[in-house]
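Each remark here refers to the structure printed beneath this line.
Bear in mind that the values in this text are calculations on the coordinates, not laboratory data. All values reported here derive from a predicted model rather than from experimental measurement. Glycine also receives a Cβ, built like all others from the backbone with ideal geometry; neighbour counts cover every protein chain displayed.
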There are 2 protein chains.
Amino acid sequence: MVRKSEIRREALRLALIEAAEERIKRDGAGAIKARELAKDVGCATGAIYNVFEDLNALVMAVNGRTFLAMGRDIAESRHLAGGQSPQRVLIAMSQTYLDFAAAHTNLWRALFDLHMTVAEVPDWYQAELDKLFANISETLADLWPTRGAEEIALMTRALFSSVHGIVLLGLEQRISGVPKEMIALMIEKTLTELTGSAN
Amino acid sequence: MVRKSEIRREALRLALIEAAEERIKRDGAGAIKARELAKDVGCATGAIYNVFEDLNALVMAVNGRTFLAMGRDIAESRHLAGGQSPQRVLIAMSQTYLDFAAAHTNLWRALFDLHMTVAEVPDWYQAELDKLFANISETLADLWPTRGAEEIALMTRALFSSVHGIVLLGLEQRISGVPKEMIALMIEKTLTELTGSAN
C-alpha cells in the first residue's frame, strides 16, 4: 500500500517541476530561486530539499521533460521523412531541432546550462540522450554503410555539434536580423555538403 | 596639449581593463563586480562609470583584446598553412581556434556571453569581427571559385558556427572525457566532408 506521505511527496515533486518549468520558460534557468518556487507551490522553502537534492536536480528534472518533448518531435520528423534519402532525413531532423530551439528557447538553453561530470548524470537522463543521438547515428549508418561504428559515433557527435552551433549563434543574434529561414538555409547547405560524399 | 586629467583617465581605463581581464580569466565574465574591480585598481566604485558606460562596456573592451589576440593567432596559422590547399588552410585555422578556446576558455566564453543588438556593437568591435571572418571567407572563395559572394558569406557563417559548436560542446564536456585530440579529429573530419566537393 502506498503511504499518504509518499503521495504528498510525489505531488510536491510534480508541482515543483511544473513551477520550475514555468519560471525557466519565462526567465531562464539562471533565475531559479528556492524561495520563489516555494511561494509558487505553497510550501516551505526547506521542503524543496526533501524532494530534490538541490536546485540543480530540479532543473535536471525539467530538462528531462524537455528532452522527452524534443525527442518526440525529432523521432516524428524522422518518421515523416522516412521514405527520403538519409541526407534529407538528417536535414528534416535538424530543422526540427531548430524549430524546437526557436519555440522553446529558454527550456532548450537550460539543457546546456548545467555543468556536470559524467558521474553526476542520472541514468534516465543518459538514456534519453542516447535515444536522441541514435536517431542521428542510425541515419548516418544508412548514409555511410561501409564506415565503422566508431567513426559513425564520432560523426554523430560532430554533426550534432555543428547543427547546434548554427542554431545557437543564429538564435543568439536573432535581434541583429538573422531570420529563422537563414538559419534553416545554413543547416541545409552545411548538411548537404557534409553528407555529399557517398561512403 | 594633453591635460593631466585625460592622462589619469586613460590610465584608469587601462588598469580597469587589465583587472577585469584577470577576473574573467579566473572566474568568468559573470563574476565581474564593480566593487571588487574598484578595490583591484584602488579607485572609488563610482569612478568606474566615469570611464565606462557600464560593466558591459568594460567586458566589451576586454573582449576586444581577446579578439585581437585570437585574430593574430588565426592569421598566423593561415599564413603558415599558406602553401597548402584551401581545405587544409581551413582545418589549420579551426585547430588554432580550438587551441585558443582551450587555452583561454573563460576569455573565449566571454566573447559569446554578451547579448547585444546590432546598434550596440561598437564599430571597432565589428571591424575586428569582420577581419576574423575574412580569413574564412577568402579561403572559401579559393575553395569554391565559382560560387557567388552571398553564398560564400552564408557558408562562412555556417562553417564558423559548426566549428564553434564542436569546440563548445567538446570543451563543455571535457570533464566527461572528451580529450582535445578527439575534438580536433571531429573538426578535421567535419571540414574534410564539408569542403570535399569542388565548386
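Label the protein assembly as shown by shape, choosing from rounded, prolate and oblate, from the square roots a ≥ b ≥ c of the eigenvalues of the Cα gyration tensor; if a/c is under 1.5 it is rounded, and otherwise prolate applies when a/b is larger than b/c, oblate when it is not.
Taking the square roots of the gyration eigenvalues as a ≥ b ≥ c, the protein assembly as shown is oblate.
Testing the spin-label approximation: label points 7 Å from Cα along Cα→Cβ at B:T105 and B:Y49. State their distance in nm.
3.5 nm
Among A:R26, B:R78, which comes first, second and so on when ranked by fewest other beta-carbon atoms within 10 Å?
A:R26, B:R78
For segment B:1-138, evaluate the Debye formula with one uniform point scatterer on each Cα (no solvent term) and list log10 I(q)/I(0) at q = 0.13, 0.15, 0.22 Å⁻¹, rounded to two decimals.
Result of the Debye calculation: -0.64, -0.80, -1.30.
Would you work out the relative contact order for segment B:1-52, in percent, from Cα pairs under 8 angstrom that are 6 or more residues apart?
It rounds to 34 percent for segment B:1-52.
How much length would be gained if the chain were fully extended between B:F112 and B:Q126, taking 0.36 nm per residue of separation minus their Cα-Cα distance, in nm to one decimal?
Length difference between fully extended and current span is 3.7 nm.
Through the Karplus equation 6.51 cos²θ - 1.76 cosθ + 1.60, θ set to phi - 60°, convert the phi angles of segment B:89-106 into ³J(HN,Hα) values in whole Hz; use x for Gly and Pro.
Ordered by residue, 3J(HN,Hα) equals 5, 4, 5, 4, 5, 5, 5, 5, 4, 4, 4, 5, 5, 6, 7, 10, 4, 5 Hz.
For A:K180 and B:A141, what is the calculated FRET efficiency with R₀ set at 30 Å and r taken between the beta-carbons, to the nearest 0.05?
0.65
Ordered by residue, what ³J(HN,Hα) values in Hz, to whole numbers, does segment A:28-39 give under the Karplus form 6.51 cos²θ - 1.76 cosθ + 1.60, where θ = phi - 60° and Gly and Pro are x?
x, 5, x, 8, 5, 10, 4, 4, 5, 5, 4, 5
Within 10 Å of each residue's Cβ, count the other Cβ atoms and sort B:I7, B:I17, A:I166 from fewest upward.
B:I7, B:I17, A:I166
Can you list the lysines whose alpha carbon sits under 29 Å from that of B:K39, skipping same-chain ones fewer than 8 residues off?
Excluding near neighbours in sequence, the set is B:K4, B:K25.
Please say if segment B:56-195 is rounded, prolate or oblate, where rounded means a/c under 1.5 for a ≥ b ≥ c the square roots of the C-alpha gyration tensor eigenvalues, and otherwise the choice is prolate for a/b larger than b/c and oblate otherwise?
Here segment B:56-195 falls in the oblate category.
Which order do A:E188, B:E53 fall in if you start with the one that has the fewest other Cβ atoms within 10 Å?
So the residues, fewest neighbours to most, are B:E53, A:E188.
Farthest toward the dipole's positive end in chain A, which of A:Y97, A:A38, A:L55, given Cβ charges of +1 (Lys, Arg) and -1 (Asp, Glu) about the Cα centre?
Of A:Y97, A:A38, A:L55, it is A:A38.
If each label sits 7 angstrom from Cα along the C-beta direction, how far apart, in nm, is B:A47 from its counterparts in the other copies?
Counterpart label points of B:A47 in the remaining copies fall at 5.2 nm.
Once the label point is set 7 Å along the Cα-to-beta-carbon vector, what list of distances in nm do you get between A:E76 and its counterparts in the other copies?
A:E76 label point versus its equivalents elsewhere: 5.2 nm.
Explain nothing, just the number: relative contact order of chain A, from Cα pairs under 8 Å at least 6 residues apart, as a whole percent.
Value for chain A: 21 percent.
Figure the gain on full extension for B:A134 and B:L14 (residue separation times 0.36 nm, minus the Cα-Cα span) and round it to one decimal in nm.
40.3 nm
Can you give the charge dipole size of segment B:1-52 about its Cα centre, rounded to the nearest 20 debye, using +1 on the beta carbon of Lys and Arg and -1 on the beta carbon of Asp and Glu?
Using Cβ point charges on Lys, Arg, Asp and Glu, segment B:1-52 gives about 180 debye.
Output wanted: per-residue J couplings in Hz (rounded whole) for segment A:7-16, from phi through Karplus 6.51 cos²θ - 1.76 cosθ + 1.60, θ = phi - 60°, x for Gly and Pro.
5, 4, 4, 5, 5, 5, 4, 5, 4, 5
To make sure I understand the rule: partners must be aspartates and glutamates, Cα under 15 Å from the Cα of A:K33, and not fewer than 8 residues away in the same chain. Which ones qualify?
A:E18, A:E21, A:E22, A:E53, A:D54
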